[in-house]
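Colleague: One structure coming up, written as structure tokens, with questions to follow.
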Amino acid sequence: VLYNEPRLGGSARVDILIVCAHGDRTAADAVRKLLLLDEPGLVVKDAAAWLHALVDVDSDDDAIRSDVVADIVRQCTRVTPLLSKSFLTDELCSEFFASAFLLARSGRRPRAAASLALLPTLEPILLESANIPRFMMTVQYHDCRPAGALAPACFALASPLAPPASTRKVGSHTDATGAMPSGGLGGAGAADAGGVDAEASSGGYEVFISYSHAFSASAKAVRELLLALRPSLRIFLDVNGGLRAGTSWQSELYAAFDGEAPLLTLALVTPPWIRSAVCSEELALAMARVTERSGALCLLPVVPVPDELRQPMGCVDPNLLAGSVEDILISTHWATCDLSWHAACARALAVLDELQPPACVPPDPVEIDEACGRFALTALQLRPPGRPPVLPPGHAQAHVHLVYNDADDDFAAQWAAALSDALTARCALGAVRRATTAIEVDSAHAFVCCVLSEAFAQDAHCESLLQISIMRQRQEGGTLLSVADAAVPLPASCPRYIRLQPRLRLVRVATAPLEAAAALFADALVTRLRLRELGSALAGEEGAVAQRCAWAETKTVLVVVGERDAAADRLSALWVAARTKS
């Protein structure tokens, strides 16, 4: 018997479960009062109080406690953690968040409506600035740091759960998706579909506005102009108001490029936009749609771009980055757009109207696979050439966490064995093992290697770990590398951002199974470790102290398919068209 009292039945679901640290009880009480003020019929419970009523937290086994936590979360429609510095140091809070995170992610794949209705949504409230782990930051949150933001956030939390007044019942569950009303708060970003639910409509979004948050006012103005010209337009714009809290903002961003309808990407080019890794990903995805003739790209330079942004990044040889978004941006000439914004928006809609769905050319999986493989090989090349680097005694070791689907067990085991041998030969005696949790892929001392396959792309958990790894790559560079079986290219049904991941194409032959790729991979890992150790000293002693590879410094996580010059020419032509045509 695990419980001191019977569990709630399935018909008595809790609407909102509040998870908070002991030091945030005052904030939790305020949230409860505001929720019940808006909707008195809601069932709102405190996670810690509920758990203590069911088990003895101090004496019961940790496994029993974890089971009870998971059972509590399953019985809730919505889980609302109150994120703060105290929350991050509370073990129980972290356990509740992790349980809700995994359950919410398991519901991202299509399934029967009846089972989907039983899955909780995770909608955090950010109370104060804190060093929040990356996996928590992948979830859309209500930003309640500004004064007066708590009440609107609670209204957004409560409103979707409230049934019509004529049929209202205590504990009713009317919206399993947790859709936020227009105007609700968003944390990491939000989308606006011009009053239309783009996912519910045929084909998804029609316009994607790519911009830097430093120019969010300009992005909002462009959106308003587009909607004034065409009120029914379905627009993705990650500012407050459209992305539901609790969703994965990265997943929503990537999914916006996978709709069936023709998609126009309108990029507001500014210096922060060029520097942004996320905007670079958006550009790569937009160019993939252009290549497939299922999308168009319009560039709107908002302010002049300094010359230094067109120079090679740091001391990395730009030739080593051929095929990356950064390299294309560096070589592209930018100026301000001399059209009025109204005229530019009108021109963008004209470009959208010219797109015809029948003109779509399905992507060639083999071409994309080979292009991503060429980029990975180029970026991993050591420069200057020489013997493989070896770690000195006492150096931090190269720990590699593999992320893969169970269907790829055999392939992953062969790769792990080859990579382990290669690291041992370079005195990098770290572990090569499978990662199954967000904390493992977010570890500061580990490299992440994803084994990409069709099964991987269909696995919501693997996809979640990949997205957390991408966040690390954006911030640190040189932390994520992927591999794939060269004999099985990723099919066109996989999400575009997965198909465009740089990856080593592993060829399994009897005479040398995976050794060459493992050696290249190990050289890159050891080089990255040396660069971390040397830091600023590298500039003056590069030739004598360490070898280098472009992967160790670039933050590229998506590859532009096609030759570098051709891609740059396409960008320049698109800029000229946006600037000169009316």
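Colleague: Report the calculated FRET efficiency for residue 354 and residue 508 (r = Cβ-Cβ distance, R0 = 51 Å), to the nearest 0.05.
Modeller: Numbers: r = 46 Å, r/R0 = 0.89.
That pair, residue 354 with residue 508, gives E of 0.65.
Colleague: Search the structure for amide H atoms under 5 Å from the amide H of residue 142, placed 1.01 Å from N in the peptide plane, and list their residues when 5 or more places away or on another chain.
Modeller: Under 5 Å from the amide H of residue 142 lie the amide H atoms of 125, 126, each far enough along the sequence or on another chain.
Colleague: Let me ask you something else. Using only the heavy atoms of the protein chains and a 1.4 Å probe, how would 282, 476, 354, 224 rank by accessible area, largest first?
Modeller: Details: 282 5, 476 60, 354 120, 224 95 Å².
Most to least solvent-accessible, the answer reads 354, 224, 476, 282.
Colleague: Solvent-accessible area of residue 378, probe 1.4 Å, all protein chains present, reported in Å² to the nearest ten, please.
Modeller: Looks like 50 Å² after rounding.
Colleague: Right, another one. Relative to the present Cα-Cα distance, how much length would full extension add between residue 377 and residue 572 at 0.36 nm per residue of separation? Let's see the in-between values first.
Modeller: Values: separation 195, 0.36 × 195 = 70.20 nm, distance 2.72 nm.
Value of the extension gain: 67.5 nm.
Colleague: Residue 208's amide H: which non-local residues (gap 5+, or another chain) put their own amide H closer than 5 Å, with H modeled 1.01 Å from N in plane and none for Pro or chain starts?
Modeller: 236, 264, 265, 266
Colleague: Based only on the alpha carbon positions, what is the Kirkwood hydrodynamic radius of segment 420-503, in angstrom?
Modeller: This gives a value of 13.8 Å.
Colleague: Let me ask something else. Separation of segment 494-509 and segment 65-83 by C-alpha centroid, Å?
Modeller: Distance between centres, Cα-based: 36 Å.
Colleague: Express in Å², to the nearest 10, the accessible area of residue 515 obtained by rolling a 1.4 Å probe over the protein heavy atoms while all chains stay in place.
Modeller: 100
Colleague: On the first, second and third principal axes, largest extent first, how far apart are the outermost C-alpha atoms of segment 22-108 in Å?
Modeller: Between the extreme Cα coordinates on each principal axis of segment 22-108 lie 38, 32, 25 Å.
Colleague: With the crude spin-label approximation of a point 7 Å out along Cα→Cβ, what separation in nm comes out for residue 343 versus residue 70?
Modeller: 6.2
Colleague: Can you tell me the length gained on complete extension of the stretch residue 159 to residue 29, counting 0.36 nm per residue apart and subtracting the Cα distance?
Modeller: Full extension of this stretch gives 44.9 nm more.
Colleague: Working with all protein chains in place, sort 341, 249 by solvent-accessible area computed with a 1.4 Å probe, largest first.
Modeller: The most accessible residue leads, giving 341, 249.
Colleague: Would you mind checking the pairs 85/220; 45/85; 33/220 and listing those with alpha carbons more than 30 angstrom apart? The partial results should precede the final answer.
Modeller: Details: 85/220 32 Å; 45/85 22 Å; 33/220 34 Å.
Exceeds cut-off: 85/220; 33/220.
The values are calculated or read from the model by the stated rules, or taken from the named source; none is laboratory data. Here the structure is a predicted model, which is why all the values come from computation and not from measurement. FYI the Cβ positions are ideal-geometry reconstructions off the backbone, even for glycines, and counts take in every protein chain you see. Ligands, DNA and RNA are stripped out before the accessible areas are found, and what is left, the full protein with its side chains, is counted by its heavy atoms. Shrake-Rupley method; radii C 1.70, N 1.55, O 1.52, S 1.80 Å.
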